[in-house]
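These notes are about the structure you will find just below.
The values are calculated or read from the model by the stated rules, or taken from the named source; none is laboratory data. It should be emphasised that the depicted structure is a prediction, and the values quoted were computed from it without experimental measurement. All Cβ positions, glycine included, derive from the backbone under ideal geometry; neighbour counts span all protein chains shown. In case anyone asks, the SASA skips ligands and DNA or RNA and just uses the protein heavy atoms, side chains included. Shrake-Rupley method; radii C 1.70, N 1.55, O 1.52, S 1.80 Å.
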Amino acid sequence: MSTLLPYVAPDAGTLDTFERDGYAIVRDAITPELRDRLLIAAERLLASDITQGRDQGGDGKDGFRGCLNLDRAFLPLLANVAVLPTVVQLLSSNIHLLSAHLIALPSGPPRTIRVPERHGWHRDMYGVTADLGFLHTPRMAIKAAHYLTPVTPNCGLTMFLPGSHRLTEEPVVPAGTIDPPAPSPPTSPAPTPSSSRTEPGIPEASTSPAIHASP
């Protein structure tokens, strides 16, 4: 038996921002109570010895790919009425889940493993972009990132290059640096829909993907 969700019309400003920048911030998309339940579930998984889908990195990152399969506490995010209508409006109702990724970064002084030779700015859907090129990569996927802990300037957020979903070639990262001009991190603990044509390091969004990287 299925349950019909209440319809929440997408905010026109959010849609416009997404079309302009390749990403958008949806504020107050999860309640404090849900956030607390999700944080407890996340901490439980991170403290476990589960290896299925474990995703660890040299920068101290820990997490799980496929976290929906590991704890039912994450299921409310799958059809979040504050986010799903926006995703449907930007893609279509003919959608399915590609992945659900829990990402945790360690506390401590700011640090990065990014270097000029591996600056980390990229678009997702790599194979599609490689085959079709930047100009012809369509909007195929949208990520929604839900932040469970306070967002601060050095907490390891994904950065976005506004408008990069409209680029026809890779952005220029000046020699000896790790960032193109004016990357923009999200500024509040809210889900950030983004497309596979924005170049950031974790989430993106756009008519074609935006470009992103993580500090």
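Quick one: which helices (runs of 4 or more DSSP H) lie wholly within segment 1-91 and hold at least 3 residues that are under 30 Å from ARG118 (Cβ atoms)? Even if it seems obvious, please write down each step before you answer.
Values: elements: 12-21, 32-46, 84-90.
Output list reads 12-21, 32-46.
The condition (being modelled with pLDDT of 60 or more and out of contact with any helix residue (DSSP H, G or I) (no Cβ under 9 Å at 6 or more places or on another chain)) is satisfied by just one residue among PRO186, PRO153: PRO153. Being in contact with a Ser or Thr (Cβ under 8 Å, 6 or more places away or on another chain), closer than 15 Å to ALA145 by Cβ and open to solvent by 60 Å² or more (accessible area, probe 1.4 Å) is not true of ARG35.
Apart from one condition, ARG123 fits all of (1) in contact with a Lys or Arg (Cβ under 9 Å, 6 or more places away or on another chain); (2) open to solvent by 60 Å² or more (accessible area, probe 1.4 Å); (3) among the basic types (Lys, Arg); the exception is (2). Residues that are of a type in the set (S, T, N, Q) and under 24 Å from GLY53 (Cα atoms) within segment 88-144 comprise SER99, SER107, THR112, listed in sequence order.
Quick grid of which residues meet (1) under 24 Å from PRO150 (Cα atoms); (2) open to solvent by less than 90 Å² (accessible area, probe 1.4 Å):
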| site | (1), (2) |
| --- | --- |
| ALA12 | no, yes |
| THR31 | yes, yes |
| LEU39 | yes, yes |
| ARG44 | yes, no |
| ASP71 | yes, yes |
| LEU91 | no, yes |
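Set side by side, the residues THR129, THR168, THR112, THR137 differ, and just one is out of contact with any helix residue (DSSP H, G or I) (no Cβ under 8 Å at 6 or more places or on another chain), surrounded by 12 or more Cβ atoms within 10 Å (Cβ to Cβ), assigned to a loop (DSSP other than H, G, I, E, B) and polar (S, T, N, Q), which is THR112.
Using the structure shown, decide if GLY53 is in contact with a Phe, Trp or Tyr (Cβ under 6 Å, 6 or more places away or on another chain), farther than 23 Å from VAL151 by Cα and of a type outside the set (Phe, Trp, Tyr).
Yes; evaluated as a whole, the condition is true for this residue.
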